[in-house]
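Engineer: Could you have a look at this structure, given as structure tokens, before my questions?
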């Protein structure tokens with residue numbers, strides 16, 4: 001058996017690895033804790049602590065842990081994406097500049113905010129390095145820019161990790177302005193091995209009505225084959241131009257009713273929330289392919305239309321509250337909050353809502369699968385109380 005080292009695992013990683021039976025095929029080792037749950041972190045010291053841990057391959061499944069894995073793999077001469085390539089993907093202005101060269105028709109207008117905005121309102125802003133739509137806003141009045149603030153702990157920590165990859169830590173701070181886009185949001189997931197891009201699936205993103213908050217992710221996409229071919233072509237061109245090799249990636253798009261699809265962003269990591277969807281419909285987890293890539297092997301993913309539909313559902317609420325009780329544990333239920341704290345004091349949330357739980361459902365049709373997860377969401381027993389006034 002070969003050794004796979006998973007850095008800074010989240011609870012989802014442990015569940016996905018167990019569900020895929022990977023501990024029966026590999027000696028899976030873990031180092032560190034989910035960085036979203038850690039207050040202080042020294043990346044240099046952490047990497048030094050990981051040096052003696054046996055590993056034939058090393059992985060991370062979030063942006064920061066994926067970059068740490070790339071740094072450790074490079075130090076130890078193991079397969080994987082280079083840290084420089086990951087920084088190119090993760091630093092949005094750099095990634096946008098490369099996308100503009102590789103797929104100009106799919107790249108929206110953008111500008112780093114430096115006191116000037118080169119296009120009219122409304123437009124969209126997001127941190128130059130960010131996650132899960134945190135601090136991403138639609139701007140309808142330039143005066144709203146004065147209210148922007150960074151997620152200090154996240155950006156500072158990322159800057160410290162990126163500096164180990166040779167990046168300027170100052171570039172991790174600031175905001176990117178982009179023209180406002182419209183259309184259906186989808187995610188293309190795939191991997192690169194030996195210079196060849198393999199796409200394993202396209203997933204539709206559905207939002208709560210009237211918000212930017214994701215409600216569910218539905219696989220496979222309902223897009224036409226013509227649109228899927230377009231997304232495949234753009235993804236291959238962009239990922240290759242970014243110099244990404246030996247790892248998983250996902251590309252988020254907005255697909256309008258007419259005209260070319262537009263890239264939202266490119267991520268140099270697995271889309272971990274989609275792993276149960278793939279396992280349920282294809283009988284193989286993306287974590288399986290991730291581990292093989294980490295060993296320098298070709299995952300040989302067999303691309304094909306699945307039989308049925310799978311949905312990953314995110315239960316949210318849109319008002320802060322005190323969590324008094326949460327549902328009993330279930331094998332496929334990911335509880336994201338705990339009793340005794342306000343929603344705003346825990347979890348990783350977007351600008352409009354608070355996530356309570358994530359779970360997966362299946363159906364023979366899209367309508368059936370969506371109906372099942374919504375019915376289950378309505379029956380989950382979260383008890384939330386109004387936030388006490390001060």
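Engineer: Could you tell me whether region 2-85 comes out rounded, prolate or oblate from its Cα gyration tensor? Rule is a ≥ b ≥ c as square roots of the eigenvalues, rounded for a/c under 1.5, then prolate if a/b exceeds b/c, otherwise oblate.
Structural biologist: Cα axes put region 2-85 in the oblate bin.
Engineer: Over the chain, what is the relative contact order in whole percent, taking alpha-carbon pairs under 8 Å and six or more residues apart?
Structural biologist: 16
Engineer: What ranking do 273-286, 306-319 get when scored by the average of other Cβ atoms within 10 Å per residue, highest first?
Structural biologist: 273-286, 306-319
Engineer: Suppose each label sits 7 Å from its Cα in the direction of the beta carbon; what would the residue 144-residue 383 distance come out to in nanometres?
Structural biologist: If labels sit at residue 144 and residue 383, their model points lie 3.8 nm apart.
Engineer: Let me ask you something else. Which part of region 266-302 falls in the paramagnetic zone of residue 194, meaning amide N under 16 Å from the point 7 Å along Cα-to-beta-carbon?
Structural biologist: Once the point is set 7 Å along Cα→Cβ of residue 194, 292-302 turn out to lie under 16 Å by backbone N, inside region 266-302.
Engineer: Next question. Using 0.36 nm per residue, how much length does the chain from residue 209 to residue 182 gain when fully extended, once their Cα-Cα distance is taken away?
Structural biologist: Taking residue 209 through residue 182 to full extension adds about 8.3 nm, to one decimal.
Engineer: Evaluate the distance, in nm, between pseudo-label points positioned 7 Å from the Cα of residue 105 and of residue 319 along their respective Cα→Cβ axes.
Structural biologist: Between residue 105 and residue 319, the label points sit 4.8 nm apart.
Engineer: Quick one: if you stick a label point 7 Å off each Cα along the C-beta vector at residue 24 and residue 332, how many nm between them?
Structural biologist: Using points 7 Å along Cα→Cβ, the separation is 1.9 nm.
Engineer: Okay, next question. Principal axis lengths of the chain from Cα atoms, whole Å, largest first?
Structural biologist: Largest to smallest, the principal-axis extents are 54, 49, 48 Å.
Engineer: Under 18 Å from the 7 Å Cα→Cβ point of residue 38, by amide nitrogen: which residues of region 1-28?
Structural biologist: Only 5-14 fall inside the zone, counting backbone N under 18 Å.
Engineer: If you count, for each residue, the other Cβ atoms within 10 Å and average over each peptide, how do 21-33, 48-60 line up from highest to lowest?
Structural biologist: My ranking of the peptides, most packed first, is 48-60, 21-33.
Engineer: Residue 121 to residue 371: extension gain in nm, 0.36 nm per residue of separation minus the Cα-Cα distance?
Structural biologist: Extending this stretch completely gives an extra 86.3 nm.
Engineer: Which value results when the Cα radius of gyration for region 309-385 is divided by 2.2 N^0.38 Å?
Structural biologist: Against the compact-globule rule of thumb, the ratio is 1.13.
Engineer: Okay, moving on. By per-residue mean of other Cβ atoms within 10 Å, what is the highest-first order of 68-80, 153-165?
Structural biologist: Descending mean neighbour count gives 68-80, 153-165.
Engineer: Once the piece of chain linking residue 168 and residue 240 is laid out straight, how much longer is it, given 0.36 nm per residue of separation minus the C-alpha distance between them?
Structural biologist: 23.6 nm
Every read-out reported here was derived from the displayed coordinates using simple, explicitly stated rules and does not represent laboratory data. Worth saying up front: this structure is predicted, and the values here are computed from it rather than measured. Quick reminder, even Gly has a Cβ in these numbers, built from the backbone with ideal geometry, and neighbours come from all protein chains shown.
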